[in-house]
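**Student:** Sharing a structure, written as structure tokens. Questions coming.
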Amino acid sequence: MITVTPEHYGGLQRFASALLAATLFLLSADLAFLFVAGYKIKLGYFLVLAAWLTAPVTMFAALRAAAPRVPRSSWLPLLPLAIAVATSANPRDSIAWTLWLGFDLFTIATVYSFLKAHRFSGGQVRRSVVWALAAIALFGVVQFVAIYGFGRIVFQPQSHFGVYRINGVSGWPHFLNIFAFLLLPIVLVQRRLRWPSALLLPLLMFVLAQSTAKTGWVLFVALGALLLLLDREVFRRAYLVFLLPVTVLALLVPVPMHTGDAPAVSAGEKISRFSADLDVSETTTSGADRVLINAMGLQVWLRHPWFGVGPRAYDEYVLTRFDQELPTANKFDANGSINTRNENVWIELAAETGILFTLAFAFVLCRALWVPRRKFANRLHLGAWMALVLYFVVSAQLSQSGLLTMVYAVFGIYFYARDLPATTAASADAATIVPRDEAAAG
């Protein structure tokens, strides 16, 4: 018989914490991937699967125990989705999208059962999140130093207005901000920031400031508004007194030119350039581009209101049937190129899956995030809730992908935190010792 001692369990707990941190980081790393059968597969997806190797019996038991609590209304989106796929302009990609939605739901179940099986405390989850954010920030700093210190272009940065925008390994700069703000609230809502967090946050905000993503500016303001509404003590201590000054200082850092012979771009000039890019009256700005793209998406939805043109079939529809069905509609973006995407998750869902699936999905989402009288179970529950609200209310209006697996990983944390008692979530970070008979059963 194998005896699981506290020392052995402590080692397993540390491994589980490291695996959670690595999974969250790699789910944010769009540039760390493999091509499988023509599809881009992030390395983080493999870690989602690997989590089941750590305690499969206990994880399955945790899911089986939680299954009766899943409301029947969660099945509402299935019928309209099935019809949308059946009538799709591109059945192959629609089926692939549906399978990926299934994987995202599997990710919720995996993260929830993984945390349950390894009995994470709220502090242990936060530590893993801190390490994931630290890795995101580290790769951003490495990219900044490589470009502006050594003139070496790494991690495929985006060049805009003569400035290389920092994105680390998260792909586009606005995705860097979306991924960061999915984790940042979990760290920031602590009553007292511990020293790893206090060191991490200035580094992270510097990287986000150098990304110059407008999405990040909106998310930063929205985060402050949520804290002001839900926890004024944290808003004052962590956001107003700490995070806001740190962010302002990060914005004030001039951006050197990577060529070395051109003057640095001042903070004021940098802010002016990228703020002007939001001007919708100028036909070539990013703001005007989003207006054109979203107006086109709405017209496609109005032409196919009930079941859309098919999940992930928008591009095929634009290239084949758009001109015939919408001959007077604009299909060009601000650069004069044919547009084959959306820049708003909700418009994307409406145009591709129709109003019935979109409303059903929104209903299930609102029910999952509904917290009566804003009585959150603990700090971790509050932080995960804020992260998800920031994504679906803010990020989703400015981005194009309704399937970001990291969002669903945070959902797994959210559901787990909801089950934690307040005392457990706020307790010291010491690992919970599993009794020998329970550990052996797992």
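The values are calculated or read from the model by the stated rules, or taken from the named source; none is laboratory data. Keep in mind that this is a model prediction, so the values were computed, not measured. Note that we place each Cβ from the backbone using ideal geometry, even for glycine, and neighbour counts take in every protein chain shown. The accessibility values were calculated without ligands, DNA or RNA, using every heavy atom of the protein model including side chains. Shrake-Rupley method; radii C 1.70, N 1.55, O 1.52, S 1.80 Å.
**Student:** Being closer than 28 Å to Tyr164 by Cα, in contact with an Asp or Glu (Cβ under 9 Å, 6 or more places away or on another chain) and at pLDDT below 90 narrows it down to one of Ala262, Ala209, Ala276, so name that one.
**Tutor:** Ala276
**Student:** Next up: I'd like to check something: does the stretch 105-126 contain any residue that is charged (D, E, K, R) and under 18 Å from Gly310 (Cβ atoms)? Spell out how you get there, then give the answer.
**Tutor:** If we filter the stretch 105-126 for residues that are charged (D, E, K, R), which is where we start, we get 116, 119, 126.
Still in the running and under 18 Å from Gly310 (Cβ atoms): none.
Checked the stretch 105-126: no residue is charged (D, E, K, R) and under 18 Å from Gly310 (Cβ atoms).
**Student:** Right, another one. Considering (1) modelled with pLDDT under 95; (2) exposed (fewer than 14 other Cβ atoms within 10 Å of the Cβ), say which one Cys366 fails and leave the rest.
**Tutor:** (1)
**Student:** Tally time: how many residues in the stretch 336-363 are of a type in the set (Val, Ile, Thr), surrounded by 14 or more Cβ atoms within 10 Å (Cβ to Cβ) and free of Cβ contacts under 8 Å to residues at least 24 places away in the same chain?
**Tutor:** 1
**Student:** Which residue pairs have Cβ atoms closer than 8 Å, lie 6 or more positions apart in sequence or on different chains, and pair a first residue in the stretch 80-94 that is closer than 16 Å to Arg303 by Cβ with a second residue that is among the charged types (D, E, K, R) and outside any helix (DSSP H, G or I)?
**Tutor:** Filtered contacts from the stretch 80-94: Ala89/Arg321.
**Student:** Which residues, taken from the stretch 30-52, are at pLDDT below 95 and either surrounded by fewer than 19 Cβ atoms within 10 Å (Cβ to Cβ) or aliphatic (A, V, I, L, M) (or both)?
**Tutor:** Selection gives Leu31, Ala32, Phe33, Leu34, Phe35, Val36, Ala37, Gly38, Tyr39, Lys40, Ile41, Leu43.
**Student:** Another question, if that's okay. Would you point out the residue of the stretch 104-147, among those that are open to solvent by 10 Å² or more (accessible area, probe 1.4 Å) and of a type in the set (Gly, Ala, Ser), that is farthest from Ala66 (Cα to Cα)?
**Tutor:** Ala146
**Student:** Here's something else I'd like to know. Report, by residue number, each residue of the stretch 395-442 that is β-branched (Val, Ile, Thr), modelled with pLDDT under 50 and open to solvent by less than 50 Å² (accessible area, probe 1.4 Å).
**Tutor:** Thr424, Val434
**Student:** Answer yes or no: is there a residue in the stretch 317-330 that is under 30 Å from Pro71 (Cα atoms) and either at pLDDT below 95 or not polar (S, T, N, Q) (or both).
**Tutor:** No, the conditions are met nowhere in the stretch 317-330.
**Student:** Another question, if that's okay. Within the stretch 181-207, work out how many residues are in contact (Cβ under 8 Å) with a residue 60 or more places away in the chain and assigned to a helix (DSSP H, G or I).
**Tutor:** 15
**Student:** Would a scan of the stretch 55-66 turn up a residue that is touching a His at 6+ places or on another chain (Cβ under 7 Å), in contact (Cβ under 8 Å) with a residue 40 or more places away in the chain and open to solvent by less than 50 Å² (accessible area, probe 1.4 Å)?
**Tutor:** yes
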